[in-house]
């Protein structure tokens, strides 16, 4: 009995680069939002950031990177 083996599909270098960029962006976004979540209201106000806006930003999922 002969078994048919399909060729292994490798992603193109461009596709791999896009995936790496997306993963890096998601990691950085998650880290930045965690740091934002840990700042108190006084520190946020000192930087000119509304605490409610910071909390809303920190609650967004890491994959939600569209500017608001």
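Tabulated data
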{"quantity": "Fewest-first ranking of 26, 20, using other Cβ atoms within 10 Å as the exposure measure", "calculated": "20, 26"}
{"quantity": "Cα-based radius of gyration of region 14-59 once divided by 2.2 N^0.38 Å, which approximates compact folds", "calculated": "1.49"}
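Only the coordinates and a few stated rules stand behind these numbers; no lab work does. Remember, it's a predicted structure, so these values are computed and weren't measured experimentally. Cβ coordinates were reconstructed from backbone atoms using ideal geometry, including for glycine residues, and neighbour counts include every protein chain displayed.
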